[in-house]
1. From the alpha carbon gyration tensor of the range 110-169, can you work out the equivalent ellipsoid semi-axes (sqrt of 5 times each eigenvalue) and give them in Å, largest to smallest?
2. Run the helix sum for the chain: -39,500 (n - 2.57) per DSSP H stretch of 4+ residues, divided by residue count, reported at 222 nm to the nearest 500 deg cm²/dmol.
3. Once Rh for the range 112-227 is found with the Kirkwood sum over Cα pairs, what is the Stokes-Einstein diffusion coefficient at 25 °C and 0.890 mPa s, in µm²/s?
4. How large is the accessible surface per residue of the range 246-347, computed with a 1.4 Å probe and reported in Å² as a whole number?
5. On C-alpha positions alone, give me the angle between the axis of helix 92-125 and the longest principal axis of the chain, in degrees, nearest 10.
6. Each residue of the range 239-247 in turn: what ³J(HN,Hα) in whole Hz from Karplus with 6.51, -1.76, 1.60 and θ = phi - 60°, glycine and Pro shown as x?
7. Compute the long axis of helix 53-77 from its Cα atoms, compare it with the longest principal axis of the Cα atoms of the chain, and write down the angle in degrees, 0 to 90, nearest 10.
8. Report the per residue volume, in Å³, of the convex hull enclosing the C-alpha atoms of the range 13-134.
Amino acid sequence: MPKTLTVAPAQAAPARRMVWLLGPALVAGVAYLDPGNVAANMTAGATFGYLLVWVVVLGNLMAWLIQYLSAKLGIVTGQSLPDLLGHRIRRPWARRLYWLQAELVAMATDVAEVIGGAVALNLLFGIPLLWGGVITGVVSMLVLTVQSRRGARAFETVVITMLIVIVIGFCAGILFSPPDAGGLVQGLVPRFEGTESVLLAASILGATVMPHAIYAHSSLARDRFPLTDTAPADRERRLLRATRWDVTIAMAVAGTTNLIMLLLAASSLAGVPGTDSLEGAYAALSAGLGPVVATLFAVGLLASGLASTSVGAYAGSEIMKGLLHVRVPLLARRLVTLIPALVILGLGLDPTLALVLSQVVLSFGIPFALIPLVWLTAQRGLLGRYRNRLATTVAGAAASVFLVALNALLIWLVVTGG
């Protein structure tokens, strides 16, 4: 049977103070607004208009379910998803293989985030991309230092402040270029138009349903709400109710912002040459909507890179600790995972293409995080009365099947040139 839980006196507040229980989902939700999201959504809107609106909406609905299950797992069991898998995957070689794919996903995430921060610094201040990547890495280390020395609550405050900047920066343009209502409605009808649209759909889902956010959220919830031997049932229910609100707010913010990015590109950038890159989108926004909107976009991109790379480094550390039972200092890990992004920037490769492809890598990692999450949260012996209901398990299984099928279709289309 799972441990019962309680919260510290300051957290066991009455309903009117439930707001103080919010935070972990907003931190994990930053992963849904990283530079990979920007590249995927802006490219999709500029290239296909409103065609892939349905992908963003569907991805956000799946994200709500997934993040709630992740948080519930951490709260009720007092362990993260990597912790639980590390104990249940008995064979060392199998555990190492599982860690390897999770680590590659985390590194792909880091590539997107560091490159996004470097591009933003280049747009704002003309800093060369390689040095922009270095600066992004250094600032992320400072943010991680807050988490290491001041604890979860201080880390949440820093990241949520950046989240506010991200939302303002990415959403300001829609006030000056509202979307076409008819196109928006048509975009809710699921369909594709060739291989490239499937690739972008997989990229959007990889950027929306983030594997490392699944791993991280269970750890954030575990650390924020420590367990003791006994607790009144009403406190358990209150905490899980607050978690549902936390996830709902976080996913509403992330989903709306992602949708607005695609709509902004569809209404302002469709057919404009060069808008399949972040630099081109910035230039087009500046020419079409003015330098203020473009500058806000670049500031949002910078905040996105800084916040999400910090959360990504935290997730990678938890993955390694849980699966390999090896704890590497966050700052040391930050230095190592910074290398691939700096290599890409140093070689002069197309940063926007690297961002989009990194999100496709994330999409392939989703089933490896999602399927174990759904399975574990359905176990009576692990979660007791808080295990999934049948409908929840069915919904999670359906999401897993859809994501696996989309990736299989993507591979088939790319191989056959269909």
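1. After diagonalising the Cα gyration tensor, the semi-axes are 23, 14, 8 Å.
2. About -26000 deg cm²/dmol.
3. Result for D is 138 µm²/s.
4. On the way: 3390 Å² over 102 residues.
It amounts to 33 Å² per residue over the range 246-347.
5. So the helix axis and the longest Cα principal axis differ by about 40 degrees.
6. Coupling constants for the range 239-247: 5, 5, 5, 4, 5, 4, 5, 4, 5 Hz.
7. 20 degrees
8. Given the Cα convex hull of the range 13-134, per-residue volume reads 191 Å³.
The values are calculated or read from the model by the stated rules, or taken from the named source; none is laboratory data. As the structure is a prediction and not an experimental result, all values here were calculated from the model. Heads up, the Cβs are rebuilt from the backbone with ideal geometry, glycines too, and the neighbour counts pull from every protein chain shown. These accessible areas exclude ligands, DNA and RNA; they are computed on the full protein's heavy atoms, side chains included. Shrake-Rupley method; radii C 1.70, N 1.55, O 1.52, S 1.80 Å.
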